[in-house]
1. Name every residue in segment 39-54 that is in contact (Cβ under 8 Å) with a residue 60 or more places away in the chain and either buried (at least 21 other Cβ atoms within 10 Å of the Cβ) or within 24 Å of residue 291 (Cβ to Cβ) (or both), in order of residue number.
2. Residue 213 passes all but one of (1) within 18 Å of the chain's Cα centre (by Cα); (2) in a helix (DSSP H, G or I); (3) surrounded by fewer than 18 Cβ atoms within 10 Å (Cβ to Cβ); which number fails?
3. Identify, by number, the condition in (1) assigned to a loop (DSSP other than H, G, I, E, B); (2) touching a residue at least 24 places away in the same chain (Cβ under 8 Å); (3) surrounded by fewer than 18 Cβ atoms within 10 Å (Cβ to Cβ) that residue 310 doesn't meet.
4. Would you call residue 36 outside the structural domain of residue 167 (by TED's automatic domain parsing) and surrounded by fewer than 20 Cβ atoms within 10 Å (Cβ to Cβ)?
5. Identify, please: which residue in segment 130-144 is farther than 16 Å from residue 88 by Cα and in contact (Cβ under 8 Å) with a residue 40 or more places away in the chain and is, among those, nearest to the chain's Cα centre (by Cα)?
6. Tell me, please, whether a residue that is within 17 Å of the chain's Cα centre (by Cα) and at positive phi can be found in segment 33-56.
7. Can you report the number of residues in segment 1-33 which are closer than 17 Å to residue 94 by Cα, touching a helix residue (DSSP H, G or I) at 6+ places or on another chain (Cβ under 6 Å) and surrounded by fewer than 16 Cβ atoms within 10 Å (Cβ to Cβ)?
8. Collect the residues in segment 170-190 that are out of contact with any helix residue (DSSP H, G or I) (no Cβ under 7 Å at 6 or more places or on another chain) and surrounded by fewer than 21 Cβ atoms within 10 Å (Cβ to Cβ), keeping them in residue-number order.
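The values are calculated or read from the model by the stated rules, or taken from the named source; none is laboratory data. Here the structure is a predicted model, which means the values were calculated and not measured. Glycine also receives a Cβ, built like all others from the backbone with ideal geometry; neighbour counts cover every protein chain displayed.
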Ligand code: FAD
Ligand code: EPU
């Protein structure tokens, strides 16, 4: 199925719920539709392109003059299995949490800690989504898509995707160029649970057996207790990444702020909690008009109703400046600002 529009509102296509109009919009459900579209139209030539999933990591601050492509491809297919593992090929348009629910239901492990993350499967492979001690890069086997620059379809093995914390080749060299159509995941039939994040182990044990279903339940209850539901209050999850800084610099900060949360990172580096840094600057629960900072998680900027993308963006810049002034540290946006 194809949907093709001009001057189309994106309000329902971004979880901040802000309004913006795109000049062109093209949504398709089969990879073949895309090839036909590219061959028969000129809308995509010499225009800015944005590949869209569910819009749960985007902030539109202006109308978009280019073409939005939404590869809304369905389907979960078992491609192979052996005694220990199962391989699933999943369409880019499958809702991420539907895949987690399906996997947990079938007792296949590896993605249960990533329960309830909004968005689609295609974007999960772009973002290297992570939560509660898990990152999706560890279960991705390969990513298939269509390269607009070479006009060819090909598959990248996980090792070619250059995954790192909230980073991948699709956010850099391949950005707005490689339209992911499907992702192959390798899941475990006898998973080793990852329970070392905060109270995850203790809270799961309270439910009785420590199994995939109870881990999923616990993660969902954690998330519901601190993250706003985008259907109720517009947001895009963490607005900034957690900064990864040199350990020597982190150690100096810890001498001043002894309660500052910090986590292991690649050799010689330490990860800090951006939410804590922002709260220390006094922003938690702040509201100006309809743009604000969530009162349970300072890393999440919210739209109380009618905030514009620009108002949310301006607030984010003020936050960034104050963290820089207080801690001498540059926060990097996690959310993609468009326009
Ligand atoms: P979009 O926002 O539509 O797009 C995100 C990026 O991916 C854009 O650059 C887009 O161009 C690109 N893209 C999308 N689809 C494709 C494709 N098929 N091919 C190529 N490029 C594509 N993230 C986490 O990692 N961990 C969390 O715990 C987490 N919690 C969240 C909680 C809330 C309440 C919200 C609102 C968001 C949260 N997020 C979290 C962020 C967000 O859910 C993820 O980044 C998600 O993967 C985005 O998916 P999407 O389909 O909405 O992508
Ligand atoms: N903290 C504060 N004040 C706040 C928020 C957090 O002091 O307002 C402190 C907490 O007390 C804790 C630490 O910061 O000591 C970390 O907080 P939390 O466990 O809530 O996680 P986070 O680092 O803020 C990250 C991800 C989330 C993911 C959670 C759980 C990033 C940018 N964010 O948040 O991902 O769900 O861990 O693993 O890495 C997202 O990417 O959109 C997202 C929500």
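1. Listed by number, the residues that qualify are 50, 51, 53, 54.
2. (1)
3. Status for residue 310: all satisfied but (1).
4. For residue 36, the condition - outside the structural domain of residue 167 (by TED's automatic domain parsing) and surrounded by fewer than 20 Cβ atoms within 10 Å (Cβ to Cβ) - is met.
5. Taking the candidates together, the pick is 131.
6. yes
7. Final tally of qualifying residues: 1.
8. The answer is 172, 173, 175, 176, 177, 186, 188, 189, 190.
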